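To start, the structure itself, in structure tokens.
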Amino acid sequence: MKNLLIFGGINSNSEQHPQNPEIVNEGIDSENTDEIIDFNSLIRDPGLRKQIETYHPNKKDLIRRAYIDLGPYQPVQVYPFSGPEHHPRRFQKSWFDKFPWLEYSPEKDAAYCFYCFLFAKNPLGRCGSNTFTVKGFNSWRKVNNGKDCAFRCHVGKEDGSNSAHNFAAKCYYNLKN
């Protein structure tokens, strides 16, 4: 069985949707291992893309490597306000510097975890385990909340002994290197 892998023209600033509608995108997760995979057609927006677990097992590492080459989706833009009218909040660009794994979906106005998208086993069975991979996080008031910062809570304890995020981060660095 042969696979045709199409690379080229991928960069972190490329559009999130393919410009050529004839590029193969539908069949990436099919059972057929003879399919063509066009990495230019991978959707960047974390609120719109397919979860890694939906891909054929023989394709997952190829897809992961393609997303690793692209890096986290971190569009720099004017982020919309949300929340109560008397105290609206919004996503902050500076969070990308503090949390390099962080991704932002303009379509969903929500934050996601790049490492957990790549390596989390869904579902983890814990309440909120898919917040940073499937649903997206947008409770912006909980970000700058000291030790209860939602992003820090997602990462878990610094030793990372029981953190799904830190396990995913180790897998990310192992595959990247």
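The values are calculated or read from the model by the stated rules, or taken from the named source; none is laboratory data. This structure is a prediction, so every number in the text was calculated from the model and none was measured. Note that we place each Cβ from the backbone using ideal geometry, even for glycine, and neighbour counts take in every protein chain shown.
Kindly indicate the residue of region 33-78 that is among the β-branched types (Val, Ile, Thr) and in a loop (DSSP other than H, G, I, E, B) and also nearest to the chain's Cα centre (by Cα) among those meeting that condition. Let's see the steps before the verdict.
Residues of region 33-78 among the β-branched types (Val, Ile, Thr): 33, 36-37, 43, 52, 54, 63, 68, 76, 78.
So of that shortlist, the ones also in a loop (DSSP other than H, G, I, E, B) come out as 33, 43, 76, 78.
Details: Thr33: 24, Ile43: 10, Val76: 16, Val78: 20 Å.
Top of the filtered list is Ile43.
Give all pairs with beta carbons closer than 6 Å in which a residue from region 69-93 that is modelled with pLDDT of 90 or more meets a residue that is exposed (fewer than 13 other Cβ atoms within 10 Å of the Cβ) and among the β-branched types (Val, Ile, Thr); count only pairs at least 6 apart in sequence or on separate chains.
Correct list of pairs: Lys93/Val76.
Checking Glu53 against (1) surrounded by 13 or more Cβ atoms within 10 Å (Cβ to Cβ); (2) outside the structural domain of Ala168 (by TED's automatic domain parsing); (3) free of Cβ contacts under 8 Å to residues at least 24 places away in the same chain, which single condition isn't satisfied?
Going through (1) surrounded by 13 or more Cβ atoms within 10 Å (Cβ to Cβ); (2) outside the structural domain of Ala168 (by TED's automatic domain parsing); (3) free of Cβ contacts under 8 Å to residues at least 24 places away in the same chain one by one, Glu53 breaks only (3).
Considering only residues that are small (Gly, Ala, Ser), surrounded by 13 or more Cβ atoms within 10 Å (Cβ to Cβ) and outside any strand (DSSP E or B), which ones fall in region 79-115?
Scanning region 79-115 gives a single hit, Gly83.
Which residues, counting only those in region 122-162, are at pLDDT 85 or above and more than 24 Å from Pro106 (Cα to Cα)?
Asp148, Gly156
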